[in-house]
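The values are calculated or read from the model by the stated rules, or taken from the named source; none is laboratory data. Please read all numbers here as calculations on a predicted model, not as lab measurements. Note: ideal-geometry Cβ built from the backbone for every residue, glycine included; neighbour counts use all protein chains shown.
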Amino acid sequence: MLNSPFSISLRQAGWLLLLLALLSAPPAAQAEESPTITHMNRVVQKVLTILRDVSLSTPEKQPERREKLRAIVFEEFDFNAMSQGAVGLKWHKFSEAQKSRFIQLFERLLENTYMNSIERYKSEEVRFTKEVVQTSTLSRVDSVVVSKGTEFKVSYLLAKQGQTWKVNDVTIEGVSVVANYRAQFKQLLQRDDAEGIDAMLHALEQSVNKSEK
């Protein structure tokens, strides 16, 4: 975890458990098959192929392995929507340049915090329980993650974009990842003018850079 204002506790780490779900859910249907569950299972198989590739298992191959994992896993998230949700109502106060900078930093923050979790994947179990269709383009997939004998209820909010689905938020035990970060960013964004936003972005960038050392 990051030693910074942007850390997140284990029980709130829906993002972490989403990654575990993407890595461990078997392709056989665990709930009545649906387009979103089918899509997530395809992602699982791609990730497992990389993790099981012996030629990528050595330490010197870590950069290449991570890049391949990132290209698959992080493609599943709508960072624009997640960033807007993490900032909240003040998002419209950001300039286009500030929005772009925040999205890039937020993606790096999440990646740096949780990429190690992918490579530490062992034997977590995931059971998809149901899909709740909310609109023609918005759906929630519920699951149960079993880790070291403890069960966590995890839900994924997915929005349809063209012919595919993107994750907009993850909720674990009733706590939203996006809402959790929104509360943290709110503490830093005391002023919503250009100077205040730049100050928040600077603090976020420092945190992200620190996590990469």
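Mind telling me which of the residues 153, 210 ends up being over 23 Å from residue 75 (Cα atoms) and in contact with a strand residue (DSSP E or B) (Cβ under 8 Å, 6 or more places away or on another chain)?
Exactly one residue qualifies, and that residue is 153.
Which of the residues spanning region 132-174 are of a type in the set (D, E, K, R), assigned to a strand (DSSP E or B) and either in contact with a Ser or Thr (Cβ under 7 Å, 6 or more places away or on another chain) or exposed (fewer than 12 other Cβ atoms within 10 Å of the Cβ) (or both)?
Result: 140, 142, 160, 169.
Got a number for residues in region 175-213 being in contact (Cβ under 8 Å) with a residue 12 or more places away in the chain and not in a helix (DSSP H, G or I)?
6
Is at least one residue of region 118-125 modelled with pLDDT under 90, surrounded by 18 or more Cβ atoms within 10 Å (Cβ to Cβ) and either of a type in the set (Gly, Ala, Ser) or not in a loop (DSSP other than H, G, I, E, B) (or both)?
Yes, there is a match, as at least one residue in region 118-125 is modelled with pLDDT under 90, surrounded by 18 or more Cβ atoms within 10 Å (Cβ to Cβ) and either of a type in the set (Gly, Ala, Ser) or not in a loop (DSSP other than H, G, I, E, B) (or both).
For region 162-199, which residues satisfy the criterion of being more than 24 Å from residue 38 (Cα to Cα) and touching a strand residue (DSSP E or B) at 6+ places or on another chain (Cβ under 6 Å)?
178
For region 57-100, give me each residue that is touching a residue at least 40 places away in the same chain (Cβ under 8 Å), under 18 Å from the mean Cα position of the chain (by Cα) and in a helix (DSSP H, G or I).
Residues satisfying the conditions are 66, 69, 70, 73, 76, 81, 82, 85, 86, 87, 88.
I'm trying to understand the selection: among the residues of region 31-50, which are assigned to a loop (DSSP other than H, G, I, E, B), at pLDDT below 70 and of a type outside the set (D, E, K, R)?
31
Within region 126-140, how many residues turn out to be farther than 14 Å from residue 34 by Cβ, modelled with pLDDT of 85 or more and in contact with a helix residue (DSSP H, G or I) (Cβ under 9 Å, 6 or more places away or on another chain)?
Qualifying residue count, region 126-140: 0.
Would you point out the residue of region 141-171, among those that are closer than 16 Å to residue 110 by Cβ and polar (S, T, N, Q), that is modelled with the lowest pLDDT?
Applying the filter and picking the extreme gives 171.
Hey, could you check region 175-187 for residues that are of a type in the set (A, V, I, L, M) and crowded, with 18+ Cβ neighbours inside 10 Å and say which is farthest from residue 89 (Cα to Cα)?
Here the residue is 177.
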